[in-house]
Every structure is written in C-alpha cells, then in structure tokens.
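Heads up, the thing below is written out as structure tokens.
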Amino acid sequence: MAQFFLWFFTALGWILLILGILLILLLVFPLWVALEVQYDRWEVRIHVLGFSIPVYPRPSKKKRYQPRHLKKQKQQQEQTKEESSGAESQTHEAPQDVKKNEGEAPPKKDSWWSPGRVFEIITTSGKLMRAFLRVIRIRKVQLVLPVSSEDAAETAIQYGRIQASIGSALGVLQNYFEIEIERLQIIADFTGEYKYRRYFYCRIGATPFVLLAVFASVLWKAYRKSHLPSG
C-alpha cells in the first residue's frame with residue numbers, strides 16, 4: 001500500500017511539474033493570431049508553441065452513418081415533440097404579474113477595479129497606452145487590393161485615393177505598433193480581370209507575460225489613484 005501511494009504522489013508530482021513548465025512556456029513565448037482573407041473567404045488561426053489551431057472556420061465534424069428507418073423514426077419523434085409542446089403552450093399560459101419596485105437602490109459607485117476606471121486610466125496615461133500598444137506586434141503583412149470602377153477615369157481616381165489613404169494609415173499605425181510589411185500591392189484593375197486576386201494576411205502577436213505585466217500596472221495605477229493619497 002505504501003508503495004502505491006509513493007508511486008501515486010510521484011506521478012502527481014511529475015504531472016504538476018510538466019503542467020508548470022507548459023504554463024511558463026505559454027507565458028514566455030509569444031502568442032500569434034493569423035488572419036487570412038482570400039477574396040471573400042476568411043480564416044483565423046492561433047499559433048502557439050509551434051502548433052497551429054484553427055479558430056474560424058471550425059473544422060466540420062464527420063456525420064455518422066444512420067440507416068433510413070432510424071432517420072425516419074427520429075424525424076417522427078421530433079415532429080410529435082414539436083406538436084405536443086405547441087399544444088401545451090397554447091393551453092397553459094402563465095399569468096404575468098408586473099410589480100413595481102417601491103424603492104430603488106441608489107446606483108453604486110464604480111470601484112477601483114471597474115472596467116470604466118481602468119479604461120479611464122489607460123486613456124489618460126499616454127505613456128502607458130503607448131507601451132501597451134508597443135507590446136502588440138504585427139508581422140508578415142501582405143495586401144493585394146485590386147481597384148476597379150465603372151470607367152477607367154473613376155478607377156484611376158479611386159486608385160490614387162486608396163494609395164494615399166493606405167500610406168497615411170500605415171504612417172499613423174507605425175507610431176503605435178511594430179509593423180512588418182512583406183507585400184503591399186494596389187492594382188488599378190481597368191478590365192476587372194484581377195477581381196479575385198484580393199488577398200490579405202497578417203500575424204498579430206504578443207507575449208502573454210508582458211501583457212499581464214502591463215495590465216497589472218494599470219490595476220496598480222487605478223488602485224493608487226483611488227486609495228492612496230496623491231503627492
């Protein structure tokens with residue numbers, strides 16, 4: 001019996017050790033979310049510790065084979081259930097009693113950890129907000145965008161506008177995020193042959209440990225502002 005307990009606690013210790021190492025690796029190594037758009041098809045994946053986990057669209061489950069007579073029996077059972085539930089809802093109607101509250105409690109003040117308080121600290125602290133955004137990295141950005149319109153003149157005008165807007169947007173975003181652009185191609189599609197070449201891909205990632213540290217600093221600032229004297 002003693003040998004069994006020794007073996008049990010040894011196995012439990014190894015399991016806890018492996019789980020602890022795995023948790024440390026998840027916190028230390030970056031977590032990436034890959035977003036890919038091919039014309040009108042979206043795909044979202046999570047990359048962590050060398051594994052790729054599909055998020056959207058979810059992989060479809062294989063349907064088990066069912067004989068025809070079992071399918072008919074199941075359909076008949078569902079139909080009878082729907083009919084019986086509809087009849088019960090018509091015959092038994094629950095009376096609705098509306099009661100007015102005699103006295104309403106006064107609204108509670110936001111505590112120091114409330115989302116409103118944290119959002120206020122983030123928005124008012126420019127340095128903290130910049131540090132938080134700098135933690136988020138955007139890598140392997142690829143964009144192929146065909147621009148087409150009814151006539152060639154309108155296509156050329158839209159092409160110039162989109163190029164200018166994308167350039168200015170990237171200039172603003174690069175002040176806050178670390179962005180790595182691999183491919184940026186805007187196509188003036190006068191004939192409409194490049195319509196289905198629309199493509200976008202990027203990886204958005206951050207280190208969970210750093211995110212937790214920044215979030216903890218936000219909570220500490222909110223607590224210090226509410227409970228500790230200023231100065």
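Please treat every number below as a calculation from the coordinates, not as lab data. Note that the structure is a prediction, hence the values are computed from the model and not measured. Here the Cβ is made from the backbone with ideal geometry for all residues, glycine too, and neighbour counts use every protein chain on show.
Computed values, structure above
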| item | result |
| --- | --- |
| Peptides ranked, highest mean first, by Cβ atoms within 10 Å: ranges 138-151, 172-185 | 138-151, 172-185 |
| Where labels lie 7 Å past Cα in the beta-carbon direction, separation of F209 and L170 in nm | 3.3 nm |
| Protection proxy ranking of 44-52, 155-163, 2-10 - average other beta-carbon atoms within 10 Å, highest first | 155-163, 44-52, 2-10 |
| Difference of contour (0.36 nm per residue) and Cα-Cα distance, A11 to L35 | 4.6 nm |
